[in-house]
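Contents: one structure, followed by commentary.
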Amino acid sequence: MRVPLIVCAAALMAACGCAAPAGAGPAQAATARFLDEVRDGQGAAACALLAPEAAESLAEEEGGCASAVLRLGLPGEGTVRQVSVWGDEAQVRLTTDTVFLHRFAEGWLVRGAGCRPDPPGPYDCEVEA
Amino acid sequence: MTRFIRDNALALFFLLAFLASLVGQAFAGAADYNQRQITGGGEPISPAAYVTSSEYAVDVAENWQSEYLQFLAFILVTVWLVQRGSPESKPPGQEGRESDREQGVGRYADEGSSRFARSRGLAHLLYANSLGIVMGLIFVLSWLGQSVAGLAAFNGERLSQLSDPLDWGAYVLSPEFWNRTLQNWQSEMLAVASMVALSIYLRQRGSPESKPVGAAHGATGVEG
């Protein structure tokens, strides 16, 4: 009884794309690129790595997205503690920050950054779509 | 070929209806999913991509598990409980597993019986309960599938809402899992209760699921 259940669970995990590791590397790499651009003062390049709605929310700020994203004081890239990927959504938990991403046709883009836990609700993010 | 179709028309009809419904669910589900994706700033996906998604898998599995639970419960509960007047029930007084003579097993088996009906031991025990075992196994696996696919779909939604994902243990205790489960169970139990009770007083001429039109309301276990 136990073996078929385990086999089935594994098959289902594989079939529905729910296994966490798939896409973890690209999501982590996209997070690192975004935080590197912010650290290096490359606002326009950082904004290009934001999901459209997140970029639009900053575009309304003074100086547009490229300027606003640098003023947020996002923490630099720390050590990665955990990467979770479920479908087209990902969460990268760093020692310094928590970043949320969505997988678009062009790859992983940042939906939320500078996020702090705000239980029992969702994270409170400096940038969010 | 024609004879094969005629002899198996009932199973073939429901198999084709199942496949047509499953395909229809894929297209309707993809359209619904894409509407939500666009509203949430995401991108639409094709029906082919949708059928490999956890959203499709959980919607399929949650219905499968409840249907198999319904039939499992009906198969097992009707061994021990009766409903006077229902064609779905044994007559009152015959509750239980019944004698070997009534069940045609052991020395009461005839030449048409399976050899497992004649034999004793584990093989006989398994064969004598095989319908319930297989339906129960499919129920458990479907429910497990619902929990795994549901976890994936739910965590995708949680991440899109900037919330932490849950692990499997937390998910199977979550209101989301039990809401999905119980909303299916309640409808299945209502359908069985309706069938058992309505078939006492109502008739469907020619259907073996109904008593003959002329049968008395009090007649139990009579199929038309």
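Is it true that A:Pro122 is within 14 Å of chain B (Cβ to nearest Cβ), within 30 Å of B:Tyr50 (Cα to Cα) and either open to solvent by 50 Å² or more (accessible area, probe 1.4 Å) or not polar (S, T, N, Q) (or both)? If you could, list the steps in order and put the result at the bottom.
Values: within 14 Å of chain B (Cβ to nearest Cβ): yes; within 30 Å of B:Tyr50 (Cα to Cα): yes; either open to solvent by 50 Å² or more (accessible area, probe 1.4 Å) or not polar (S, T, N, Q) (or both): yes.
So A:Pro122 fits the description; yes.
Looking at the stretch A:75-107 only, could you name the residues that are surrounded by 20 or more Cβ atoms within 10 Å (Cβ to Cβ), free of Cβ contacts under 8 Å to residues at least 40 places away in the same chain and in a strand (DSSP E or B)?
A:Glu89, A:Gln91, A:Thr98, A:Phe100
The conditions are (1) assigned to a helix (DSSP H, G or I); (2) over 17 Å from B:Arg158 (Cβ atoms); (3) of a type in the set (A, V, I, L, M); (4) in contact (Cβ under 8 Å) with a residue 12 or more places away in the chain, and A:Val110 fails exactly one of them. Which is it?
Exception for A:Val110: condition (1).
Looking at B:Arg84, B:Arg101, which is the one that is in contact (Cβ under 8 Å) with a residue 60 or more places away in the chain, open to solvent by 70 Å² or more (accessible area, probe 1.4 Å) and among the charged types (D, E, K, R)?
Details: B:Arg101 fails: in contact (Cβ under 8 Å) with a residue 60 or more places away in the chain.
When all the criteria are applied, what remains is B:Arg84.
Give A:Leu109, A:Leu101, A:Leu94 a once-over and let me know the one that is within 22 Å of B:Asn34 (Cα to Cα) and more than 9 Å from every other protein chain (Cβ to nearest Cβ). Give the derivation first.
Details: A:Leu101 fails: more than 9 Å from every other protein chain (Cβ to nearest Cβ); A:Leu94 fails: within 22 Å of B:Asn34 (Cα to Cα).
On inspection, the qualifying residue turns out to be A:Leu109.
I'm trying to understand the selection: among the residues of the stretch A:19-53, which are in a helix (DSSP H, G or I), touching a Cys at 6+ places or on another chain (Cβ under 9 Å), in contact (Cβ under 8 Å) with a residue 24 or more places away in the chain and aliphatic (A, V, I, L, M)?
The one that is in a helix (DSSP H, G or I), touching a Cys at 6+ places or on another chain (Cβ under 9 Å), in contact (Cβ under 8 Å) with a residue 24 or more places away in the chain and aliphatic (A, V, I, L, M): A:Ala46.
Quick one: which of B:Ser89, B:Ser66 is more than 14 Å from chain A (Cβ to nearest Cβ), part of a loop (DSSP other than H, G, I, E, B), among the hydroxyl-bearing types (Ser, Thr, Tyr) and under 21 Å from the mean Cα position of the chain (by Cα)?
Numbers: B:Ser66 fails: part of a loop (DSSP other than H, G, I, E, B).
Unique residue meeting the criteria: B:Ser89.
The values are calculated or read from the model by the stated rules, or taken from the named source; none is laboratory data. Predicted model, so just to flag it, every value in this text is computed and none were measured. In this analysis, Cβ positions are derived from the backbone assuming ideal geometry, glycine residues included, and neighbour counts consider all displayed protein chains. Remember, those area values only see protein heavy atoms, side chains included, never the ligands or the DNA or RNA. Shrake-Rupley method; radii C 1.70, N 1.55, O 1.52, S 1.80 Å.
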